[in-house]
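Encoded as structure tokens, the structure appears first; notes follow it.
The values are calculated or read from the model by the stated rules, or taken from the named source; none is laboratory data. Because the structure is predicted, anything quoted here is derived from the model rather than measured. Cβ sites come from the backbone with ideal geometry, for glycine too, and all protein chains shown count toward neighbours. Accessible surface areas use protein heavy atoms only, side chains included; no ligands, DNA or RNA. Shrake-Rupley method; radii C 1.70, N 1.55, O 1.52, S 1.80 Å.
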Amino acid sequence: QVQLVQSGGGLLQAGGSLRLSCAASGRTFSSSNMAWFRQTPGKEREFVAAITWSGGSTYYANSVKGRFTISRDNAKNTVYLQMNSLKPEDTALYYCAASAYYSGSTDSGYPYWGQGTQVTVSS
């Protein structure tokens, strides 16, 4: 079991930066692949980024590539999403997710989810 608690959302202007954090409890974090998704009202949850358990591989949605960076600190049981050059279209509820076996872009592959944190980017 992995429990995920998110922090770091907020309201900011376009062009700004924000870092989301997702702290995990449980002894299996260091062996879990982690991901970030986001969702806006009326739309399906959208893949943002993923990182493998070792941190050796990362994956990004085309819409955030070059602007967002996913990273993890296994000593702190925490995964991060550094978001730079934010745009109004990045406005969404962001979720972190964990999986022992999956590191792809489909949300159904992740059994564990954080509570969500709102990011709002004004133009």
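Which whole-number value in Å² is the accessible area per residue of the stretch 26-123, probe 1.4 Å?
The answer is 50 Å² per residue.
About the Cα centre, and with charges only on the beta carbon of Lys, Arg (+1) and Asp, Glu (-1), how big is the dipole of the chain? Nearest 20 debye, please.
Computed about the Cα centre, the dipole is about 180 debye.
Which whole-number percentage describes the relative contact order of the chain, with Cα contacts under 8 Å and a sequence gap of 6 or more?
Once normalised by length, the contact order is 35 percent.
How big is the accessible area of Lys87 in square angstrom, nearest 10, if you roll a 1.4 angstrom probe over the protein chains?
About 80 Å², ignoring ligands and nucleic acids.
With the crude spin-label approximation of a point 7 Å out along Cα→Cβ, what separation in nm comes out for Thr52 versus Lys87?
My value for the distance between the label points is 2.9 nm.
Could you rank the peptides 102-108, 27-33, 47-53 by their average count of other C-beta atoms within 10 Å per residue, with the highest value first?
Top to bottom by mean Cβ count within 10 Å: 47-53, 27-33, 102-108.
Want the number for Ser63 to Thr120: 0.36 nm per residue separation, take away the alpha-carbon distance, what's left?
18.9 nm
By average Cβ neighbour count within 10 Å, what is the ranking of 78-85, 57-64 from highest down?
Put in order of decreasing packing, that is 78-85, 57-64.
Taking 0.36 nm per residue of sequence separation and subtracting the Cα-Cα distance, how much length would be gained by fully extending the chain between Ala100 and Arg19, in nm to one decimal?
Length gained, Ala100 through Arg19: 26.7 nm.
Using only alpha-carbon positions, what ratio does the radius of gyration of the chain give when scaled by 2.2 N^0.38 Å?
With N residues counted in the chain, Rg over 2.2 N^0.38 Å equals 0.97.
Counting only Cα, what are the radius of gyration and maximum Cα-Cα distance Dmax of the stretch 76-123, in Å?
12.7, 39
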